[in-house]
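Working notes, beginning with the structure itself.
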Amino acid sequence: MQLWTVLIPLKRLEAAKTRLRGALPGVPHDDLVLALARSTVAAARQSPLVRRTAVITNQSGLDAETIPDLHGDLNEAIREAARLVTGPVAVIPADLPALRPQELTEALALAEQRSFVPDTEGTGTVLLACPKGLLDPRFGPGSALRHEQSGAVRLHGAWPTLRRDVDTAADLAAVEALGWRHAGHGLRV
């Protein structure tokens, strides 16, 4: 059984999740972004296939291992962090608050070579996993197609909580329908 290091990139709070500003009236934006990230980290830690989680960020207040983002560019920051990892490495975004550890476990178990899982819309990437060799991240708009074109294998599974990232108020409502309760994560509504 391979044990994975999961990297979780997180922008500085003032630049993170800008389309979510005001999504929860009365909740400071920074608190919402941190709650999304904390939930994601906690779920990843609970997977029996994950030996280590590390947040790639210059942000404090996460109660998690961090690796500084020395580049300001998502893919460069991930490449740099991945170079510090020995063994299988995976990347998930910091906005998977409803993530069920079992779904992450199932996807990682299928990643026998460099692989990815697309988001619910099918255009973004919510998991890039590489058991050996170069991770070669290609995140950004249209990343699912770019990862596939670069030779990553698309993993297939329902995985509703793994595939549901949060970019908009509608996405926030969708993760709440999947069971995430923002009030349970230190937010005052």
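The values are calculated or read from the model by the stated rules, or taken from the named source; none is laboratory data. Since the model is a prediction, treat every value here as computed from it, not as a measurement. Positions of Cβ are generated from backbone atoms using ideal geometry, with glycine treated the same way; all protein chains shown enter the neighbour counts.
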>> Please go through the range 40-70 and give me each residue that is without any contact (Cβ under 8 Å) to a residue 24 or more places away in the chain and surrounded by fewer than 14 Cβ atoms within 10 Å (Cβ to Cβ), ordered by number.
In response: Ser60, Glu65, Pro68, Leu70
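Go through the range 120-139 and count every residue that is touching a helix residue (DSSP H, G or I) at 6+ places or on another chain (Cβ under 7 Å) and either modelled with pLDDT under 95 or assigned to a loop (DSSP other than H, G, I, E, B) (or both). Outline the logic, then answer.
Keep residues of the range 120-139 that are touching a helix residue (DSSP H, G or I) at 6+ places or on another chain (Cβ under 7 Å), which gives 122-125, 127-129, 135, 137-139.
Keeping just the survivors that are either modelled with pLDDT under 95 or assigned to a loop (DSSP other than H, G, I, E, B) (or both) gives 122-124, 135, 137-139.
So the answer is 7.
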> Of Ala44, Ala77, which residue is of a type in the set (Gly, Ala, Ser) and under 24 Å from Val175 (Cα atoms)?
Replying inline: Ala44
> For the range 14-31, which residues satisfy the criterion of being part of a loop (DSSP other than H, G, I, E, B), buried (at least 17 other Cβ atoms within 10 Å of the Cβ) and not hydrophobic (A, V, I, L, M, F, W, C)?
Replying inline: Lys17
>> Cβ contacts < 7 Å: first residue of a type in the set (S, T, N, Q), restricted to the range 131-151; second residue outside any loop (DSSP other than H, G, I, E, B), any location; separation 6+ or different chain. Result?
In response: Ser143/Thr125
> Can you tell which of Ala54, Ala90 is out of contact with any Phe, Trp or Tyr (no Cβ under 7 Å at 6 or more places or on another chain) and either at pLDDT 95 or above or within 18 Å of Thr5 (Cβ to Cβ) (or both)?
Replying inline: Ala54
> Looking at Asp136, Asp167, Asp119, which is the one that is under 27 Å from Leu24 (Cβ atoms) and touching a Ser or Thr at 6+ places or on another chain (Cβ under 9 Å)?
Replying inline: Asp119
